[in-house]
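Here is the structure we will look at, set down as C-alpha cells.
The values are calculated or read from the model by the stated rules, or taken from the named source; none is laboratory data. Note that the structure is predicted; figures quoted are calculated from it, not measured. All Cβ positions, glycine included, derive from the backbone under ideal geometry; neighbour counts span all protein chains shown.
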Amino acid sequence: MRDRPVQPSNAALAARLRELADLLTQQGADGFRVAAWRRGAEIVDGLDRPVAEILAQQGRDGLVILPGIGYGIAAALAEMVTTGHWAQLDRLRGTGEPGRLFRTIPGIGPELARRLCEGLPIESLEALEIAASDGSLDRVAGIGPRRAQMIRAVLAERLGRPRLRQRRDGQEHPSVGLLLDVDREYRQKAAAGALRTIAPRRFNPAGRAWLPILHTGRGPWQFTALFSNTALAHELQRTGDWVVIYYHCDGLPEGQCTVVTETRGALAGRRVVRGREAEGDTLAQSA
C-alpha cells in the first residue's frame, strides 16, 4: 500500500496559498481573485486547530464554513493534506505532472494514470471526481465497475467527503459561447505577445518560458487558459492550437475543457469545445 504523505502544517499550507497569490499577481490575474487567496492564507495561519484535524473530523464542509474559506480554497487544502500535491499551484509553476497525482490513488498505476490523462483528459483530483460522477471515468480502458467504485470512495475520503453542489441557477458549467470567448481572448493575446509565459517542466528540456498563460473572468466564472502541453499535443504538433481552459465558480469544483480547431465534418475549420460540439453556439468562430 502507498504511504500517505506527511500532513503539512497550517503554516506550510498558508505559504502555498500565498505562493499561488504571488504567481497570480505575476501572471496578471484580477486583484480580487488574488486578495481572496491571500485572505485564505491569513485565515489558515490563524486557526487554532490543524487543517488536517478539521478535515478528518468534519470533512471539507468544516473548512467551507470558516470565514474567508470558500469551496475553492477548501478543495485546495483538502488536496494538499491528503496527497501532498496541489495541481493548481503546480500548473501555475509550470511543474504539473497529473499522472504523478493520480498514482497516489490505490489501484492506479503508471499506465492507467497515462490513460486517464490522455483519455478524458483531466489533471486534478477535482476533475477526476467529476469524471467519476458523470460516467466519463467508466469509458476509460482498464476502469471496471469495481475499480471505479474504489476510486470514488478514495476521492470521497481524500477530498473531505464532498457533496457536489449545484448552482442556484442550475448552470454547472460555463456556456460554450463563454468558453469560446475565453479561447478567442487567449489566442489573440498570445499571438500579440501580451501574456506572461511560464516554463513548463514537461517536454521542455531547455527550460524555455514558452507557454502563455491567461487569467480572466466572466461574471461569476474565473478562467485560466493555456495551450495544451500534453504528449499527444506535441506528437500531433497541436500545441499552438489546442487550448485547455480551467474554470471555477464558487460552490463548484474546478472544471476543465479543451478548445480545438475541428478538422472534420460540418464544423471543419471552426473552434469547438471538445465533447460539447453538439451544443453549438452563435459565437462559434473560424480558427
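The condition of being crowded, with 16+ Cβ neighbours inside 10 Å, under 19 Å from PRO220 (Cα atoms) and modelled with pLDDT under 90 holds for GLY72. Among the residues of segment 68-127, the ones that are β-branched (Val, Ile, Thr) and not in a loop (DSSP other than H, G, I, E, B) come to 4 in all. On the basis of being surrounded by fewer than 20 Cβ atoms within 10 Å (Cβ to Cβ) and under 21 Å from the mean Cα position of the chain (by Cα), does GLY59 make the cut? It is true that GLY59 is surrounded by fewer than 20 Cβ atoms within 10 Å (Cβ to Cβ) and under 21 Å from the mean Cα position of the chain (by Cα). Whenever a residue of segment 100-128 is crowded, with 24+ Cβ neighbours inside 10 Å and of a type in the set (Asp, Glu), its partners that are at pLDDT 75 or above and not in a helix (DSSP H, G or I), lying with C-beta atoms within less than 7 angstrom and at least six residues away or across chains, give the pairs GLU123/GLN256; GLU126/GLU254. If I ask for residues that are closer than 28 Å to ILE65 by Cβ, aliphatic (A, V, I, L, M) and modelled with pLDDT of 80 or more, which ones from segment 77-118 would you list? Correct list: LEU77, ALA78, MET80, VAL81, ALA87, LEU89, LEU92, ILE105. Closer than 25 Å to SER133 by Cβ and among the basic types (Lys, Arg) - does that describe any residue in segment 260-269? No - not one qualifying residue is present in segment 260-269. Of (1) farther than 26 Å from TRP221 by Cβ; (2) buried (at least 23 other Cβ atoms within 10 Å of the Cβ); (3) β-branched (Val, Ile, Thr), ILE143 satisfies all except one. Which? Failed condition: (2). Within segment 172-224, the residues that satisfy the criterion of being surrounded by fewer than 15 Cβ atoms within 10 Å (Cβ to Cβ) and of a type in the set (A, V, I, L, M) are ALA191, ALA192, ALA194, ALA199, ALA206, ALA209. Take GLU79 and tell me if it is of a type in the set (Asp, Glu), under 17 Å from ALA156 (Cβ atoms) and in contact with an Asp or Glu (Cβ under 9 Å, 6 or more places away or on another chain). Against the criterion (of a type in the set (Asp, Glu), under 17 Å from ALA156 (Cβ atoms) and in contact with an Asp or Glu (Cβ under 9 Å, 6 or more places away or on another chain)), GLU79 qualifies. Taking the listed residues GLN7, GLN26, the one that is touching a residue at least 40 places away in the same chain (Cβ under 8 Å) and surrounded by fewer than 16 Cβ atoms within 10 Å (Cβ to Cβ) is GLN26, with no other qualifying.
The lone criterion from (1) under 17 Å from the mean Cα position of the chain (by Cα); (2) not in a helix (DSSP H, G or I) left unmet by LEU179 is number (2).
The residues on offer are PHE203, PHE223, and the sole one that is of a type outside the set (Val, Ile, Thr), in contact with a Gly (Cβ under 8 Å, 6 or more places away or on another chain) and not assigned by TED's automatic domain parsing to the domain that holds GLY28 is PHE223.
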